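Worksheet: the structure to be examined is printed underneath.
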Amino acid sequence: MSSAESVAPHGRASARRELVEAQIYEQATRLFAERGFAGTSLQDVADAMGMTRSALYYYVKNKDQLLAQLVTEITSGPADAAEEIAGRDLDAPDKLRELVRLIAARQADHSARFRLVIRSESELPPELATAHETAKRRVLDGFVRVVDQGVRSGEFRPRPVRTTALALIGMCNWVAWWFHPGGAQSADEVADQMAEMAVALVAQSPDRTPESPRPDDPAAALHLLRQDLDYLEHIITTSSPPSKD
């Protein structure tokens, strides 16, 4: 038997195992969502797969392994990507587009799994809960770094960086609740649109000139305050005085 012939059966077996594992995780996701993690047994998963419990053990050891895999896919992947994007040699708007596009697309593609993880946070085993929280902080840190870069460069409006980052993440995560496959827009189209919306939400005013003070300069606060005062004065001077009865 040639080396190619010996590799082919192994490759087919590996591909079949991956397919079965993917189906197991899909069924587990559905059952966990319907019955809760505590209310779902491995026998339930085996029944949903149409296999015996002993056959299921060939693919998974226990429920915790199923949940750990689901949580890892949902949180660790985006955390790694957020760190990588934040470290790229790009301007802040391009980084933000990539971040939002990534998170929004993942939430659209894996909406059921993401909703399950969110609903199961209180049931996660301590070690898994710690890893989950760490991954969420890494995603937040990636957004914070990008928003802070944009504020310092003058490309983004000077707003509280962490609050802005949390708002952008929340916008992306909400996709998991309203996106439906097969709708008018694909997951990629939605992600692209949200990426542009995110940049538009934080972008500096288009009338800002190169001579305008940098947002990380104390003069910026005075500049913005003067704009607000000018606007307030305009309202006061153009408003009709109250009538006297």
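Since every read-out is calculated from the coordinates, none of them should be taken as a lab result. This is a predicted model, so every value here is computed, not measured. In this analysis, Cβ positions are derived from the backbone assuming ideal geometry, glycine residues included, and neighbour counts consider all displayed protein chains.
Data overview
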item: Helices (runs of 4 or more DSSP H) completely within region 1-112 that count 1 or more residues being of a type in the set (A, V, I, L, M), loosely packed, with under 12 Cβ neighbours inside 10 Å and without any contact (Cβ under 8 Å) to a residue 12 or more places away in the chain; result: 3-35
item: Residues of region 38-55 that turn out to be under 32 Å from the mean Cα position of the chain (by Cα) and among the small types (Gly, Ala, Ser), as a count; result: 5
item: Residue check for Gly170: within 14 Å of the chain's Cα centre (by Cα), closer than 18 Å to Val199 by Cβ and assigned to a helix (DSSP H, G or I); result: yes
item: Test: residue in region 126-138 that is without any contact (Cβ under 8 Å) to a residue 40 or more places away in the chain, in a helix (DSSP H, G or I) and under 12 Å from Asn173 (Cα atoms); result: no
